[in-house]
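Take a look at the structure set out below.
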Amino acid sequence: ADEDHWLFQCDLAGADGWTVAAYAAMLGDSTMLDDYRFGLKPAKILVLQLRGNKVDFSNRQALKEAGKDVKADDWDYFGMKRVQHGCSYLEGVRKVSNQILSDSEGKFFITESECKLLRDNFFFKRYPGIRRWHDWVANKIRERPTLIAASGQVRHFFGHGDKLLPKAVAFEPQANTTYATNLAMYRLWTDRENRTDGGRSVQDDGVHLKIEPLHQVHDALIGQFKKVDTPWSVGKINQWFDNPLYIAGQKIVIPFEGGYGESWGQAGNEEKRIGKI
């Protein structure tokens, strides 16, 4: 960050999974959406299953307590996030297994058979609505190969149905994730209270902001603010990320978590947190 500034990073929590959960709920299975609203992450639940934890998986409070042992930088948690999204987006178990090995640069690996067991014997059994959603999308693009995301973004698909389905199911979850991040950035840019000129109109020579956006990475927003403005800035960032989306008949505010520090690598300090799960 610049001198006398903090650099901040805020990441959506659950991100793509909230859209998947909303569609599963629309199709009669609210399990994933109820898990998210209770503060549970499906990938952490998958970790507990992978580790053979003896927790009662029907008890959400017990799962939340057991999930405290799963840390954000645990390699099996990293792997289970790949399993969750791979299962949701119709990726084959070989691709999921290879992706985990590749993305972790060889630090974590689970076999194809382990991925298949987790997918078929646990993930799809806990969340049967995901398969119903796959069928629903398949029927939609068979009738007309066009989908509309919560933002109003329209995507038309070309090609054969079987090859299109993985792209079609991935479209809206990823589109909604980027939309939610961009909404926060748009509110940062247009909030008159964030102008150093007190909200007056600005000339073409630039907009001067108290909290400055520096980078956007799909589900993350990175920026900086003056250290003296920290309490005000933290409050504003929380305000800007509070954006209801209407997905599959569900009102969803995708939560976020983040922090600030001297550099990008130090923006996750526990004493300098932004956002709540």
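Within region 154-161, is there a residue that is touching a Phe, Trp or Tyr at 6+ places or on another chain (Cβ under 9 Å), farther than 17 Å from Val83 by Cβ and modelled with pLDDT of 95 or more? Spell out how you get there, then give the answer.
Keep residues of region 154-161 that are touching a Phe, Trp or Tyr at 6+ places or on another chain (Cβ under 9 Å), which gives 155, 157.
Filter once more, so that each one left must be farther than 17 Å from Val83 by Cβ: 155, 157.
Of the ones still in play, those that are also modelled with pLDDT of 95 or more are 155.
Checking region 154-161: at least one residue is touching a Phe, Trp or Tyr at 6+ places or on another chain (Cβ under 9 Å), farther than 17 Å from Val83 by Cβ and modelled with pLDDT of 95 or more.
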* Please indicate, with yes or no, whether at least one residue in region 104-113 is at pLDDT 95 or above and surrounded by 12 or more Cβ atoms within 10 Å (Cβ to Cβ). => no
* Out of all the residues in region 215-233, which are touching a Leu at 6+ places or on another chain (Cβ under 8 Å) and either among the polar types (S, T, N, Q) or at positive phi (or both)? -> Gln224
* Asked: Within region 121-176, how many residues turn out to be within 20 Å of the chain's Cα centre (by Cα), open to solvent by 20 Å² or more (accessible area, probe 1.4 Å) and of a type in the set (Ser, Thr, Tyr)?
  -> 1
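Would you kindly identify the strands (runs of 3 or more DSSP E) lying entirely within region 209-277 that contain at least 2 residues that are modelled with pLDDT of 90 or more and touching a His at 6+ places or on another chain (Cβ under 8 Å)?
Details: elements: 211-217, 220-226, 245-247, 250-252, 256-261.
The strands (runs of 3 or more DSSP E) meeting that bar are 220-226.
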* **Odd one out for Thr31 among (1) open to solvent by 20 Å² or more (accessible area, probe 1.4 Å); (2) among the β-branched types (Val, Ile, Thr); (3) touching a Leu at 6+ places or on another chain (Cβ under 9 Å)** => (3)
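Yes or no: region 140-150 includes at least one residue that is closer than 29 Å to Gly92 by Cα and in contact (Cβ under 8 Å) with a residue 40 or more places away in the chain.
Taking region 140-150 and keeping what is closer than 29 Å to Gly92 by Cα, we get 140-150.
From what is left, the residues that are in contact (Cβ under 8 Å) with a residue 40 or more places away in the chain are 150.
Scanning region 140-150 turns up at least one residue that is closer than 29 Å to Gly92 by Cα and in contact (Cβ under 8 Å) with a residue 40 or more places away in the chain.
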* Structure fact -> Just one listed residue, out of Asp74, Asp2, is surrounded by fewer than 17 Cβ atoms within 10 Å (Cβ to Cβ), farther than 23 Å from Gly129 by Cβ and in contact (Cβ under 8 Å) with a residue 60 or more places away in the chain, and it is Asp2
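The values are calculated or read from the model by the stated rules, or taken from the named source; none is laboratory data. A quick note: this is a predicted structure, and the numbers were derived from the prediction, not measured. Here Cβ is always computed from backbone atoms with ideal geometry, including for glycine, and neighbour counts include all displayed protein chains. For accessibility, only protein heavy atoms count, side chains too; no ligands or nucleic acids. Shrake-Rupley method; radii C 1.70, N 1.55, O 1.52, S 1.80 Å.
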